[in-house]
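Visitor: Take this structure, written in structure tokens, and hold onto it; I'll ask about it next.
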Amino acid sequence: MPEIYDVVIIGGGVIGCMIARYLSRYQLSILLIEKEADIGMGASSANSAIVHAGYDPVPGSLKAKMNVAANSMWDTLAGELNFPFERRGDYVVAVGSYELSKLALLMDQGRQNGVPGMHLITAEEMRKREPNITPDVSGAVWAPTGGICDPFAVTIAAAENAVQNGVRVLLNTTFEDFLMEGKRIVGINTNRGMYACRWVVNAAGIYSDVVMHKAGVRPEFKISPRKGDYYVLDREEIVINNVLFPVPGTAGKGILVTTTLHGNTIVGPNSRSQDNPEDNSVTPGCLDEVWSGAKKLVPSLNLRHVIALFAGLRSTGNAPCEAPGVDYVGDFVIEIPDQVRGLVNLSGIESPGLTSAPAIALRVIDLLIDAGEHLREKRDWNPIRPPRPRFRDLPHHEKARLVNEDSRYGRVICRCEMITEAEILAEIRAPIPATTYDAIKRRTWLGTGRCLGGFDMPRVVELIAQELRIPQIEVTKRGPGSEFLVRPTKLAEEHYDS
Amino acid sequence: MTPKEKYDVVIIGSGPAGLAAAISAKKAGAEDVVIIERDVEPGGILLQCIHNGFGLELLKTDLTGPGYAQTFIDEARSLGVEIWTDTMVLDMTTQRRVYATSKIRGFLDFQARAIVLAMGCRERTRAQVRLAGSRPAGVYTAGTAQRWVNVEGYLPGKRVVILGSGDIGMIMARRLTLEGAKVERVLEVMPYLTGLTRNYVQCLLDYDIPLQLRHTVRNIIGKNRVEAVESVMVDENWNPIAGTSEIIPCDTLLLSVGLIPENELSRKIGVRMDPIVGGPYVDDNFETTIPGIFAAGNVVHVYDLVDWVTEAGYLAGKSAARFAMMERRKEIRHIPLVPGNNVRYVVPQEIDKQNLEGNEIRLQLRVKQPVDSPVYIEVRNRDNLVKRKAEPYVRPGEIVTAVITPKEYDEVNRSDFLQIAVVAR
């Protein structure tokens, strides 16, 4: 007998986790499956970390609607889930007279989409506000509702809150096929067996086309992965106060210069189509493209200050916008399709997907209600996901208090980012246990500093092994197959044998 | 909590620079000298350098890294230097307030009269050489691999390519070969060796490990674990030469692509940095641009031999001790002179202890009541007699003079105040 659920969510990215969190409010049994060793390992963990104001999507598109609706939800969400979020506002920076003329268009688009508070500012004002900006700036659009977040924390906090409220999360679990009774979905098959359910939510991101095709939905739909490369710079060397977008061209929002909530400047992404949905390697050509694009906005960027490189894949779809009169291909898909029963189909959720996630979750609930699902609220639903202390961010007297309470806060494991043993152990013991190096890294930002983990890696491997009671040689970076070590040394082996 | 509120010289890092600084600070007269070390044992990166060749210049012997470190750890300890291991400095102020944290000592907040920065250096990473490709397990800096093999006792890979002909890279090529791994080759982007020739001979030539100059890694292949790297030959501008690309199957890529002084703390307190070397500006005492904060060793610039790091540590430690002792002098409080039995007043009202080092201090007083029999004029530090002078009589109309000499310095130095009184003989 397979386990039976009301809802199975395929995919533990920000969309799947946010849906799990919002659905956990209701009296439903929910299972979320994720093929990787941790949640949030796809696009949710490799993006620009921006909560978009909403002036960019084509007016009338689902992207525009979701973006603007979700933007105003973020303050409450950050408060409830306790993840880092700051509504700092963002700029679209024009260089030269041609780009200046384009700003009016963006203003108009923002108005149509219902973005509040946007206005034009002069080049002089822009130079004052962002001293590192190019002297060739000709003007800018200021959107005060733009924000930045920690995207790993958003996904993890949403998933943890879901687990707190009874959702089951299975990692290392790959969707294989639907179990059908005629036109009705009655469950799924995975590498770990069958799970029966009444509803399946397709939140498989870059694989969401494969999943929907297995249900016979939208055979013409295709995800074409678009890769974007990024640089991360040393926060001691350059500080950018706000998000700086270039005037958008044909391929997305262009190469932007922004800051993380930790103060590191990020530049990227470019946009390259590729076939392989697994290949997120950085390439020299893309890196050059990103760098020259970013230099256009901030000429003082210095390659010597680069501390990390990464690339992410956008799940770009080809669904036409369904709003009448809007000529746009590549909109979000958020639907309960007619061809089968029991499928909530989400696809093509590229940028502004992270921003839109909470609104998408609410829309999924509306769709379920429209489809006749009687959703009854739980009495004891807890929307608060409690925060865990971040030693580094505390003032000295608070640090002292923490160390006095638990001496493991006194041992710093990651020197650059100042992450303590207690914080690492807390993540390994969290509602969704972090069992790989990268899982701990995404939750604590350990190993993301200047030394890229050179110092902390052996110590973290040792801690994971101790906590999970496994040999160090079984500890992985990102799941099975990514073990750090191959065997004990000859001397150590003799020592272990004797 | 620290045992003391103030330390003369606080040294951050117990590698060769820190140990030498502690030894010389102690020898130069600093009393409370403490080294703060974030690792669980003192010695710094020397502990994982189990090969020999250390100390040839300075000690005229050939030691291993741990052996070299132990020589200085022993000397420091015998001189009374405190070493706080497993303790990390989080922050400091320009006024030399130090904040540190430790699992065993708790949260520490104390004052240093002088500080020596001796945090050493760290390795350049794949991002700093803009290494493209995927981000699997199996890409390590040579130093991380060295720690795993020599300290933790684990082999990080079986089939290895090393990028960079720095010393640690070549030494690890030999070490991994001895451990049974196959080192496919060492790639160096420059047209010349970047490490020491002796290491090339002893670590690569002797073990038939090929070195390819003007070669670099263009791509890292493998999603979860390194499966191969793509190497390529470069021209004089480091641009890849078409047709020279080669896929080298391996499970590990070690990077030995340079070292950078580690100056997180230095930047935090705002010492001026030299953008070329990446270390603080120092004068010939190894003092930074913030008074009382000194720096020595690889934190200033990356050395080739440990012996010269030790020498730099000696100089910085000596300078720091000198600064600390000047601070101590400034802190010395004046000692009040308090009129006791039958004394109306005494001038001066307080004495500067420093003046007693080699000088006499004359005290003049008037009594309240005449005494016509012989008396003592006594200066006491509570119950201890500092000085006694006999007088045949005392009268309010006549000033009495007493003298404190350098002989009495120790007793005066111990006192909070001195009382001067007339007592019967």
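One line per residue, one yes/no per condition, for (1) assigned to a helix (DSSP H, G or I); (2) in contact with a His (Cβ under 8 Å, 6 or more places away or on another chain); (3) farther than 16 Å from residue A:62 by Cα:
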site: A:278; (1), (2), (3): no, no, yes
site: A:324; (1), (2), (3): no, no, no
site: A:327; (1), (2), (3): no, no, no
site: A:331; (1), (2), (3): no, no, no
site: A:334; (1), (2), (3): no, no, no
site: A:356; (1), (2), (3): yes, no, no
site: A:359; (1), (2), (3): yes, no, no
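Visitor: Can you tell me which residues in segment A:31-46 are in contact with a helix residue (DSSP H, G or I) (Cβ under 7 Å, 6 or more places away or on another chain), of a type outside the set (Asp, Glu) and buried (at least 24 other Cβ atoms within 10 Å of the Cβ)?
Guide: A:32, A:39, A:40, A:42, A:43, A:44
Visitor: Go through segment A:282-302 residue by residue and tally those that are within 14 Å of another protein chain (Cβ to nearest Cβ), more than 24 Å from the chain's Cα centre (by Cα) and assigned to a loop (DSSP other than H, G, I, E, B).
Guide: Number of matching residues: 3.
Visitor: Give just the number: which of (1) in the same structural domain as residue A:294 (by TED's automatic domain parsing); (2) among the polar types (S, T, N, Q); (3) crowded, with 19+ Cβ neighbours inside 10 Å does residue A:173 not satisfy?
Guide: Evaluating residue A:173 over (1) in the same structural domain as residue A:294 (by TED's automatic domain parsing); (2) among the polar types (S, T, N, Q); (3) crowded, with 19+ Cβ neighbours inside 10 Å leaves (1) as the failure.
Visitor: Does residue A:391 fit the bill of being touching a helix residue (DSSP H, G or I) at 6+ places or on another chain (Cβ under 6 Å), aromatic (Phe, Trp, Tyr), in contact (Cβ under 8 Å) with a residue 12 or more places away in the chain and within 14 Å of chain B (Cβ to nearest Cβ)?
Guide: yes
Visitor: Quick one: how many residues across segment A:442-498 are more than 23 Å from residue A:39 (Cα to Cα), at the interface with another protein chain (Cβ under 7 Å from one of its Cβ atoms) and of a type in the set (Ser, Thr, Tyr)?
Guide: Qualifying residue count, segment A:442-498: 1.
Visitor: Any residue at all in segment B:229-250 that's within 39 Å of the chain's Cα centre (by Cα) and surrounded by 14 or more Cβ atoms within 10 Å (Cβ to Cβ)? Explain how you work it out, then say what you get.
Guide: First, the residues of segment B:229-250 that are within 39 Å of the chain's Cα centre (by Cα): B:238.
If we keep only those that are surrounded by 14 or more Cβ atoms within 10 Å (Cβ to Cβ) too, we end up with none.
For segment B:229-250, residues within 39 Å of the chain's Cα centre (by Cα) and surrounded by 14 or more Cβ atoms within 10 Å (Cβ to Cβ): absent.
Visitor: Quick one: which of B:30, B:17 is under 16 Å from the mean Cα position of the chain (by Cα) and over 23 Å from residue B:261 (Cβ atoms)?
Guide: On the way: B:17 fails: over 23 Å from residue B:261 (Cβ atoms).
Result: B:30 is the single residue among B:30, B:17 that is under 16 Å from the mean Cα position of the chain (by Cα) and over 23 Å from residue B:261 (Cβ atoms).
Visitor: So residue A:359 ticks every box in (1) touching a helix residue (DSSP H, G or I) at 6+ places or on another chain (Cβ under 8 Å); (2) surrounded by 13 or more Cβ atoms within 10 Å (Cβ to Cβ); (3) over 30 Å from residue A:316 (Cα atoms); (4) away from every other protein chain (no Cβ under 14 Å) but one. Which box is left unticked?
Guide: Exception for residue A:359: condition (3).
Visitor: Filter segment A:176-213 down to the residues that are buried (at least 17 other Cβ atoms within 10 Å of the Cβ) and charged (D, E, K, R), then identify the one that is nearest to residue A:336 (Cα to Cα).
Guide: Going through the qualifying residues, I end up with A:198.
Visitor: Still on this model: From the list B:132, B:137, pick out the single residue that is at the interface with another protein chain (Cβ under 10 Å from one of its Cβ atoms), of a type in the set (A, V, I, L, M, F, W, C), buried (at least 24 other Cβ atoms within 10 Å of the Cβ) and under 23 Å from residue A:485 (Cα atoms). Can you show your working first?
Guide: Working: B:132 fails: buried (at least 24 other Cβ atoms within 10 Å of the Cβ).
Just one listed residue meets the conditions, B:137.
Visitor: Of all the residues that make up segment A:321-338, how many are modelled with pLDDT of 95 or more and among the acidic types (Asp, Glu)?
Guide: Here the count works out to 2.
Visitor: In addition: When residues of segment B:235-272 are filtered for being touching a Cys at 6+ places or on another chain (Cβ under 7 Å) and among the aromatic types (Phe, Trp, Tyr), how many remain?
Guide: Going through segment B:235-272 one residue at a time, the tally reaches 0.
Visitor: Scan segment B:142-155 for residues that are part of a helix (DSSP H, G or I), in contact with a strand residue (DSSP E or B) (Cβ under 6 Å, 6 or more places away or on another chain) and at the interface with chain A (Cβ under 7 Å from one of its Cβ atoms) and jot them down.
Guide: As a first pass, look at segment B:142-155 and keep what is part of a helix (DSSP H, G or I): B:142-152.
Keeping just the survivors that are in contact with a strand residue (DSSP E or B) (Cβ under 6 Å, 6 or more places away or on another chain) gives B:142-143, B:145, B:148.
Scanning segment B:142-155 gives B:143, B:148.
Visitor: Going by what's in this entry, would residue B:39 be described as assigned by TED's automatic domain parsing to the domain that holds residue B:313, charged (D, E, K, R), closer than 30 Å to residue B:203 by Cα and out of contact with any Phe, Trp or Tyr (no Cβ under 6 Å at 6 or more places or on another chain)?
Guide: For residue B:39, the condition - assigned by TED's automatic domain parsing to the domain that holds residue B:313, charged (D, E, K, R), closer than 30 Å to residue B:203 by Cα and out of contact with any Phe, Trp or Tyr (no Cβ under 6 Å at 6 or more places or on another chain) - is met.
Visitor: If I ask for residues that are within 20 Å of residue A:423 (Cβ to Cβ), assigned to a loop (DSSP other than H, G, I, E, B) and of a type in the set (Lys, Arg), which ones from segment A:445-477 would you list?
Guide: Correct list: A:450, A:477.
Visitor: Looking only at segment B:112-129, filter to residues that are surrounded by fewer than 24 Cβ atoms within 10 Å (Cβ to Cβ) and of a type in the set (A, V, I, L, M, F, W, C); which one of those is nearest to the other protein chains (Cβ to nearest Cβ)?
Guide: Step by step, filter segment B:112-129, then rank; the result is B:127.
Visitor: Considering each residue of segment B:156-180, count those that are buried (at least 24 other Cβ atoms within 10 Å of the Cβ), out of contact with any Cys (no Cβ under 7 Å at 6 or more places or on another chain), outside any helix (DSSP H, G or I) and within 13 Å of chain A (Cβ to nearest Cβ), and give that number.
Guide: Summing the residues that are buried (at least 24 other Cβ atoms within 10 Å of the Cβ), out of contact with any Cys (no Cβ under 7 Å at 6 or more places or on another chain), outside any helix (DSSP H, G or I) and within 13 Å of chain A (Cβ to nearest Cβ) in segment B:156-180 gives 2.
Visitor: Somewhere in segment A:303-314, is a residue assigned to a strand (DSSP E or B), surrounded by fewer than 21 Cβ atoms within 10 Å (Cβ to Cβ) and more than 14 Å from chain B (Cβ to nearest Cβ)?
Guide: no
Visitor: Being exposed (fewer than 15 other Cβ atoms within 10 Å of the Cβ), at positive phi, small (Gly, Ala, Ser) and within 14 Å of chain A (Cβ to nearest Cβ) is the requirement here; does residue B:270 meet it?
Guide: Values: exposed (fewer than 15 other Cβ atoms within 10 Å of the Cβ): yes; at positive phi: yes; small (Gly, Ala, Ser): yes; within 14 Å of chain A (Cβ to nearest Cβ): yes.
Considered against the rule, which asks whether it is exposed (fewer than 15 other Cβ atoms within 10 Å of the Cβ), at positive phi, small (Gly, Ala, Ser) and within 14 Å of chain A (Cβ to nearest Cβ), residue B:270 comes out as yes.
Visitor: Can you pull out every residue in segment A:267-281 that is within 11 Å of chain B (Cβ to nearest Cβ) and farther than 18 Å from residue A:48 by Cα?
Guide: Listed by number, the residues that qualify are A:276, A:278, A:279.
Visitor: Condition (residue is over 29 Å from residue B:280 (Cβ atoms), crowded, with 24+ Cβ neighbours inside 10 Å and touching a strand residue (DSSP E or B) at 6+ places or on another chain (Cβ under 7 Å)) applied to segment B:196-205: is it met by at least one residue?
Guide: yes
Visitor: Separate question: Report the residue count in segment A:410-431 for those that are among the hydrophobic types (A, V, I, L, M, F, W, C), in contact with a strand residue (DSSP E or B) (Cβ under 7 Å, 6 or more places away or on another chain) and assigned to a helix (DSSP H, G or I).
Guide: Initial filter on segment A:410-431 (among the hydrophobic types (A, V, I, L, M, F, W, C)): A:412-414, A:416, A:418-419, A:422, A:424-426, A:428, A:430.
Next, only the ones that are in contact with a strand residue (DSSP E or B) (Cβ under 7 Å, 6 or more places away or on another chain) stay: A:412-413, A:418-419, A:424.
Next, only the ones that are assigned to a helix (DSSP H, G or I) stay: A:424.
Total meeting the criteria: 1.
Visitor: Failed condition for residue A:321, given (1) within 14 Å of another protein chain (Cβ to nearest Cβ); (2) surrounded by fewer than 22 Cβ atoms within 10 Å (Cβ to Cβ), with all others met?
Guide: Only one criterion is unmet by residue A:321, namely (1).
The values are calculated or read from the model by the stated rules, or taken from the named source; none is laboratory data. Keep in mind that this is a model prediction, so the values were computed, not measured. A quick note on method: Cβ atoms are made from the backbone with ideal geometry, for glycine too, and the neighbour counts reach across all protein chains shown.
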